[in-house]
Every structure is written in structure tokens, then in C-alpha cells.
Amino acid sequence: MKKKLLLLFVGWLVGSSVVGQNLVTGKLTLEEAIKIAHARSPQAQMVQLSFMSQYWSFRSYKAQLLPSLNLSGNLGNYNRSLVDVRDPETGRISYVANNTLSNDLSVYINQKIALTGGNVSLNTSLARLDQFSYDMKTYNSNPVTINYTQPLRSFNTLKWQKKTEPLQFEKAKKQYLESLEGITLQTTSYFFSVLSAQTSYKKSEENLRDTRGMYKIAQQRYDIGTVTKSELLQLELSMMNAELTVSNSKVDLEVALFNFKSYLGVAESTFFELQPPMNVPEMFMEYDFVLDRALQNSSHNVSLKIKELNSLKSVAQAKADRGIQVELRANLGFSQTGDDLQGVYSRLKDREVVGLSVSMPIYDWGMSRGRVKMAEAEARLARTELEQEETKFQQDIRIKVMQFNNQARQCNISAKALQVAGERYDITKKRFQNGGITVTDLNTAQKELDSASEQYINQLRTFWNAYFELRKLSLYDFISKRDISAEFDKIVEK
């Protein structure tokens, strides 16, 4: 009997195929609505764009680890002016006319070294100077030059980026999936808002038809004296209230449909009817399993690792910036000058430039020490906050699992209540037609049935919201028993 009543309830909801004067041309389930929202909704497009931004940020980081080929030069630098020249013997400064054209071009390969924080480059360059006042030209070449720069105590930014950037990208992928599950949750909310409005609208129409029928029966009974004038007026008032309810519920349904279509990203002229998800899957969530999936799949654990690394990074940077700073620079290669291109690349001369640069604060009034202490205090604070976040995350999952496991029972109770209310209303209508009960009893049975149908839809809404919340937290599909994933390469290719 329970199954039969639920099937009748589904048929009654699906039978609401007219909204105003527009015919519904398709049927829409919750699963289909979610697929449409993932594919077409503006929110899904924003989620994809946000992930693509994170993807290209990660690509830019990886490019820093690869060698780069560069070209630089100064072309067509013409200079006609008076320049000061000091006589090397007398020290006298004279101004002489300068009329030159200089051009230089260099090509170099640059490579950052993440392990040490150094930088190495391979360079080749050629320069030409034309002195028109003397009708001569001079070439200067550096066929091969190796440059190396190595900070000996400085903070190595690239080393820390190698730890955090892959985690940031992993977090972006998990957040993309979580955002899609967030869209699933919002779609579910809109879906059941429409379903509830659709239920109320259809039920109000049915109540109006029943009330009109009962009113006609009451008029006949009034004529023979089995119904009082007060009861007849009470039923007439119920009929007018039912007409108002139909009008209001119709507006509520149209507003709910408009909001739902806007969220899905479909045209306002698109018409469909909702298929309620009446089959509640029988499942029991194990807290340990859900927590394990959440820690492995969600962005929560990755976010905690990133926060911990950032706090350690701040301490390392504060310590590296304190005290003596030393940098090694080396420039090794060959060079030559000449009047033509052939001469400038023959009999090359060695070129060696090596040196250290040192800087050290003598006294900074404890500023460096204060920065280190502040960074260490913030790191301890971050660890405490991370422990609290971890505890709160686990407690949140435990509560949601308990609520979900209880919700299936709530749905079954609501379904039973709907069955009882429907049977009672049918019996009450027949007894009223036979003159066995009053109008008040009829109205009471009708309100109880309305309340039971609304309560059942609300319990279904709560069940599916609880299910999708756990899916979002764990990124695990408990029905198909698999992790939720996405083809990220295809997302980037769009």
C-alpha cells in the first residue's frame, strides 16, 4: 500500500504539466538538472576559469625551472655631441666633438638553480662602434661567456616554491571538484524549491476542485436541512480561500522556475516538469571511511600543509635576512676587438672576472632579531590554528554523518505519514458526502494531507542536501562507490 501511494504521489506531481497556459515539453530529474548546471550554468563557467587561472600560474612556475633563451640589443644609438676628455699626463679636461653610432646585440641562455638559489647563463655578444669624425669602425666580441651568480646566505625563494607550488596546484584541482559539488548543492536547493512550489500548486488546484464539489453537496444537504447555514458559509469561505491559494501558489511556482532556469543557464522559454527523486537509497555512512576519504581527496589536508609550509618559510626568510650577506659572482669567457668581423673572432683573449660582495649590519637595534621572533611566534600560532581546524573538520564530518544516517529514517516516517494522511482524507471525504462529519473535520483532514505532502518533500530535500554535503567534503560518490574526478586536461583545452 505504501509503494502504491508513493507511485500515485509521483504520478500526481508529474501530472502537473501545465504552468499557466504553457505546456511542459520535457521531464527533468535531479541528476539531469545537476548535469545541466555543471555544463551550462554561469557558476560552472566561473569555476572553470578560476581553475584555468591556477593552471597557468603553475605552468609559469614550472617555466622558471627551465632554461630561457633571450635576445637583447641596442641598435642605432647615434651620438653627436661634445664630450669631456681628461689628458692622462696633465689631468686637464678638454671638450672634443663626438660623432658616433653604436650597435650591440647579445644572445644568452639563462638557467635558475633551485637547489642553491644561484643563476647561470651562457652568453654571446657582438658590438660595433662607428666613429664618423675619424672614418673608422671598431668591433668588440664576446663569443662565449659564462656568468654565475650564487648567494651564499640569502633566502632561496625558488627552493620553497618547489615545495609549495605543486601543492597549490593540487589544491586548485581539488577545489575545482569541490566547487562543482557546491554547484550540485545549489542546484539541489533550487530543484526542491521548484518541486515544493509545484507540489503546492497542484495540491491547491486539487483542493479547489474538492472544495467546490463538497460545496455543491453541502448546498443540497442544506436544502434538506442536514447542514446548517454556518457550515455552508464555512465551506464557501474555504472555497474562496482555496481560489486565493491557487493564485498565490501559481505565482510562487513561476518565480521558483525563473530562478531555477537562471541558475541552470537555460532560456526562460524552456519548459519542463520535475521528476521527484522518490527512491531514497539505502545506505549507512561509516564515519571512519568518510573521514579517510575526506582527508585523502578534499582540499582541506592540502590547505593545512600549505599553511604549515608558509609559516616555516617565513621563519627561514627572517633568519636568512639577518646577519652577513655574501654573494659570489663569476664571469668566464673570451673576448676580442678588431676593425673587421674576421679579426674580432680570431686570437681570442681570456676573460675572467670573479668576486665576492659582502654586506653586514653592524647594529640594527634588534630589528632583525625581532623579525625572527615574530616569525617564530606566528609559526607557533599557525600550528595551533591548524590543530583546531583539523579537530573542527573531523567534528563537522562526524555530525554530518550522524545527521545523514538519521535522515533516511525520517524520510520513511514522512512517507508513512503521507500514506496515513491520504487514507484519512479519502475516508473523510466519503463520510462528509454521506453526512457523517462536519465541514470542520473535512478541512482538518485536508490541511493534514497538505502538511504531510509538504513535509515529505522537505524530508527528501534534507536527505539529498545531506548526501551532497558529504560528497563535497569527501569528493567520493557513495552510490557508485568511486572517487569524484575530472579530466583536467580537457578543461584547459576549452
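Computed values, structure above
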| quantity | calculated |
| --- | --- |
| Viscosity 1.567 mPa s, 4 °C: Kirkwood-radius Stokes-Einstein D of the stretch 107-182 over Cα pairs, µm²/s | 77 µm²/s |
| Most positive-pole-ward Cα, Ala172, Ala417, Ile183, against dipole of the chain from beta carbon charges | Ala417 |
| Computed lengthening from Glu376 to Gln64, 0.36 nm per intervening residue step minus Cα-Cα distance | 109.4 nm |
| Kyte-Doolittle mean at least -1.0 and Cα axial length at least 20 Å: DSSP H helices in the chain | 42-64, 229-264, 299-320, 367-433, 439-474 |
| Of Lys62/Lys373; Lys261/Lys429; Lys112/Lys305, those spanning more than 29 Å from alpha-carbon to alpha-carbon | Lys62/Lys373; Lys261/Lys429 |
| Within the stretch 354-386: backbone nitrogen closer than 13 Å to the Leu328 label point (7 Å, Cα to C-beta) | 354-357 |
| Assigned charges on the beta-carbon of Lys, Arg, Asp, Glu; the stretch 400-449 dipole about Cα centre (debye) | 140 debye |
| Interatomic Cα distance distribution for the stretch 151-215, bins of 10 angstrom, percent | 17, 18, 16, 14, 11, 9, 7, 5, 2, 1 |
| Computed over the stretch 41-130: relative contact order in percent, which uses C-alpha pairs under 8 Å that are six or more apart | 26 percent |
| Label-point gap, in nm, between Leu71 and Asn310 - each point 7 angstrom along Cα→Cβ | 4.1 nm |
| Spin-label proximity, Leu129 to the stretch 46-84 - amide N less than 20 Å from point 7 Å beyond Cα toward beta carbon | 73-84 |
| Volume in Å³ per residue [convex hull over Cα atoms, computed for the chain] | 280 Å³ |
| Efficiency of FRET between Leu232 and Ser269 - r from beta-carbon atoms, R0 41 angstrom, step 0.05 | 0.35 |
| Gap separating the Cα centres of the stretch 356-374 and the stretch 443-457, nearest whole Å | 75 Å |
| Length gained when the stretch Tyr222-Lys349 is fully extended (0.36 nm per residue, less Cα-Cα span) | 33.3 nm |
| Cα→Cβ-extended label distance, 7 Å offset, between Asp489 and Glu32, nm | 3.3 nm |
| Share of pairwise Cα separations in the stretch 167-274, more than 21 Å, in percent | 57 percent |
| Rounded accessible area of Glu273 (nearest 10 Å², 1.4 Å probe) | 20 Å² |
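The values are calculated or read from the model by the stated rules, or taken from the named source; none is laboratory data. Since this is a predicted model, take the numbers as computed values, not measurements. Heads up, the Cβs are rebuilt from the backbone with ideal geometry, glycines too, and the neighbour counts pull from every protein chain shown. Side chains are part of the model used for accessible areas, which takes the heavy atoms of the whole protein and leaves out ligands, DNA and RNA. Shrake-Rupley method; radii C 1.70, N 1.55, O 1.52, S 1.80 Å.
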